[in-house]
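Asks: Just dropping this structure here.
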Amino acid sequence: MDRAGDGSSLLSSFMFNFSGPAGAAGLACLGWRRSLRRQQAEPATKSVAGKVTSIGKDGHSFAIVSPGDTNQTLEFVIDQNTKVQGEVHVGTTVTVAYQAVEGGENLAVAVTAQG
C-alpha cells in the first residue's frame, strides 16, 4: 500500500505493469489503434474521367464535364501534393483521382491527361 501517502506505490505498480514484454505488447496495440483511426479518418479516393472545361486563373482549380447522360460538371482544387501527368489545358480529356475534403471541395490527388 501507499505508506508515505504520496501515491508512490501506485505509480511504481503502474510502471511495473507496463514494463517488459506484456507492456510492450500493450503499447504496440495502442499504436495499432491510432494507426487504424488515422486510416479511417482519411477520405476515400474516387476516380472520374472527363473533359477539362475551365482552369482557374491561379491554376489551383479546374472543372471537368464527365461524359454520359448527366454531363455533370465537377470542380477540383489542387495543392502541392497533386501529381499531374501530361499537359492539361481546356479541352484535354483527363482522369482525376480525388478526395472529398472539408468544406465540400474535391481535392485532386492525381490528374492524368489522356491521349
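Asks: Only one of T82, T92 is surrounded by 15 or more Cβ atoms within 10 Å (Cβ to Cβ) and over 17 Å from L107 (Cβ atoms). Can you tell me which?
Replies: Just one listed residue meets the conditions, T92.
Asks: Going through the range 95-109 one residue at a time, which ones are surrounded by 17 or more Cβ atoms within 10 Å (Cβ to Cβ) and aliphatic (A, V, I, L, M)? Step through it out loud before you land on a result.
Replies: Taking the range 95-109 and keeping what is surrounded by 17 or more Cβ atoms within 10 Å (Cβ to Cβ), we get 96, 98, 106-109.
The answer is V96, L107, A108, V109.
Read-outs throughout are calculated quantities, based only on the coordinates presented, and are distinct from any laboratory measurement. Computed from a predicted model, the values in this text were never measured in an experiment. Here the Cβ is made from the backbone with ideal geometry for all residues, glycine too, and neighbour counts use every protein chain on show.
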